[in-house]
Amino acid sequence: MLRPEKTLTEFIIDEQRRSPQGTDGFTALLNDIRLACKRISYLIGKGALTGNVGLANSLNVQGEPQMKLDLMANEIFLRTNEWGGYLAGMVSEELEAPHQIPEQYPRGRYLLAFDPLDGSSNIDVNVSVGSIFSVLRCPEGVTAPTAADFLQPGTQQVCAGYAIYGPSTMLVLTLGRGVHGFTLDREIGEFIYTHPELRIPNDTREFAINASNARFWEPAVKRYVDECLAGESGPRGKDFNMRWIASLVAETHRILLRGGIFMYPRDTKEPTKAGRLRLLYEANPIAFLIEQAGGRASTGYGPLLAVTPHALHQRIGLIFGARHEVEVLENYHQKYNDREYEAPLFGARGLFRA
């Protein structure tokens with residue numbers, strides 16, 4: 001008799017048995033996260049049929065317009081994960097302060113940070129979006145965590161992952177031992193283990209960056225992109241393709257499945273901000289996944305996972321993907337970032353000269 005395909009729940013239990021620090025509570029927490037992602041997938045899959053697309057006429061804590069589905073996905077994550085007794089608290093892109101577990105529910109030993117609906121501006125045009133999550137340990141003895149308890153470097157993550165809501169729904173996660181992908185079988189309502197041990201090649205011919213910000217880029221980034229665009233006759237000696245989806249989850253998923261490098265670097269567009277992406281619940285979990293898949297995640301100046309957060313909604317520059325390409329860009333930040341970059345040989349064909 002053929003053995004049924006392994007489900008996400010079975011995978012998590014197997015991993016728990018392999019880890020001396022694994023607990024039943026952690027397994028149950030991941031199952032609650034799985035359930036939240038399933039519920040959001042169903043909601044998004046209904047599209048305009050439910051009337052839940054479009055703006056919500058409100059702003060999040062960063063002053064950005066919220067979509068109706070941002071708020072609904074946030075509520076799903078909170079209500080699905082607050083009652084099980086496995087969490088001490090949660091933080092979200094949509095909330096100014098940590099969400100305290102209601103008094104009627106027991107407290108657990110973990111903290112959950114999440115972006116309930118990454119790339120939500122793409123909802124109305126039916127482009128893939130996703131949810132991102134990060135699990136941390138709550139400091140010993142803390143039952144009502146404050147913001148300070150969440151400010152842990154990315155190296156302290158117990159688990160990280162994302163769900164991508166596209167033609168199929170997938171959940172991709174790491175428990176610190178590789179990166180694994182699961183596809184939702186809608187007929188049986190289970191995530192099935194379909195993508196074991198995802199790995200990112202060290203080299204690539206594909207990069208992703210928002211070219212509309214070119215005039216704000218640092219010299220190191222301008223140099224790197226100009227050299228990629230110079231193609232086979234340029235200093236890199238090969239042709240590159242450029243991609244941009246404006247959905248961090250979709251960009252990450254493409255790179256995990258076929259390689260590449262993603263850049264959302266620090267720039268001068270908003271000089272008071274150190275970057276665009278949020279460190280705790282966007283950059284850190286994505287960086288953990290990328291490093292576990294053999295890639296590299298960087299601020300441009302060094303490893304992103306080594307950064308200690310100083311605020312819940314702190315922003316940061318993020319560059320990740322093919323290890324060798326990220327190292328090239330880090331080298332350019334060290335050598336060529338203190339003056340305006342000029343490249344006479346490629347000046348005429350450099351598409352993104354400032």
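The residues listed here are Ala306, Ala274, Ala311, Ala246; of these, the one that is more than 28 Å from Thr169 (Cβ to Cβ), at pLDDT below 95 and surrounded by fewer than 19 Cβ atoms within 10 Å (Cβ to Cβ) is Ala274. Taken over segment 269-301, residues that are under 17 Å from Pro201 (Cα atoms) and either touching an Asp or Glu at 6+ places or on another chain (Cβ under 9 Å) or part of a helix (DSSP H, G or I) (or both) amount to 11. Can you tell me which residue in segment 123-133 is modelled with the highest pLDDT, limited to those that are within 16 Å of the chain's Cα centre (by Cα) and among the polar types (S, T, N, Q)? Top of the filtered list is Ser131.
Taking the stated definitions as given, is Asp226 surrounded by 20 or more Cβ atoms within 10 Å (Cβ to Cβ) and farther than 19 Å from Ser298 by Cα? The answer is yes for Asp226.
Take Phe320 and tell me if it is among the aromatic types (Phe, Trp, Tyr), crowded, with 20+ Cβ neighbours inside 10 Å and assigned to a strand (DSSP E or B). Criteria met by Phe320.
Yes/no per residue for (1) in contact (Cβ under 8 Å) with a residue 60 or more places away in the chain; (2) crowded, with 22+ Cβ neighbours inside 10 Å:
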{"position": "Ala56", "(1), (2)": "no, no"}
{"position": "Leu59", "(1), (2)": "no, no"}
{"position": "Gln62", "(1), (2)": "yes, no"}
{"position": "Asp70", "(1), (2)": "no, yes"}
{"position": "Asn81", "(1), (2)": "no, yes"}
{"position": "Gly84", "(1), (2)": "no, no"}
{"position": "Met90", "(1), (2)": "no, yes"}
{"position": "His99", "(1), (2)": "no, no"}
{"position": "Leu117", "(1), (2)": "yes, yes"}
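As a summary of the residue check, Gly260 satisfies the conditions (1) without any contact (Cβ under 8 Å) to a residue 40 or more places away in the chain; (2) over 15 Å from the mean Cα position of the chain (by Cα); (3) surrounded by 19 or more Cβ atoms within 10 Å (Cβ to Cβ) except for the one numbered (1). If a residue must be more than 24 Å from Arg258 (Cβ to Cβ) and surrounded by fewer than 21 Cβ atoms within 10 Å (Cβ to Cβ), how many such residues does segment 277-302 contain? Of the residues in that region, 2 qualify.
Selection of segment 91-110 for residues being under 27 Å from Gly63 (Cβ atoms), more than 17 Å from the chain's Cα centre (by Cα) and among the hydrophobic types (A, V, I, L, M, F, W, C) yields Leu95, Ala97.
Under the condition of being among the small types (Gly, Ala, Ser) and more than 19 Å from the chain's Cα centre (by Cα), which residue from segment 140-189 is farthest from Ile101 (Cα to Cα)? Selected residue: Gly189.
Of the set (1) modelled with pLDDT of 95 or more; (2) closer than 20 Å to Pro309 by Cβ; (3) surrounded by fewer than 22 Cβ atoms within 10 Å (Cβ to Cβ); (4) aliphatic (A, V, I, L, M), all apply to Ala113 but (3). Quick check: anything in segment 242-254 over 16 Å from the mean Cα position of the chain (by Cα) and at negative phi? Yes, segment 242-254 contains at least one residue that is over 16 Å from the mean Cα position of the chain (by Cα) and at negative phi. Taking the numbered list (1) assigned to a helix (DSSP H, G or I); (2) at positive phi in turn, Thr80 passes all entries but (2). The set of residues in segment 88-140 being among the aliphatic types (A, V, I, L, M) and part of a loop (DSSP other than H, G, I, E, B) consists of Leu95, Ala97, Ile101, Val127.
Is it fair to say Gly231 is assigned to a helix (DSSP H, G or I) and on the phi > 0 side of the Ramachandran plot? Yes.
Looking across segment 234-268, the residues that are assigned to a strand (DSSP E or B) and not aliphatic (A, V, I, L, M) come down to Asn241, Arg243, Phe262, Tyr264, Asp267.
The values are calculated or read from the model by the stated rules, or taken from the named source; none is laboratory data. Just so it is clear, the structure is predicted and the values come from calculations on it, not from any experiment. All Cβ positions, glycine included, derive from the backbone under ideal geometry; neighbour counts span all protein chains shown.
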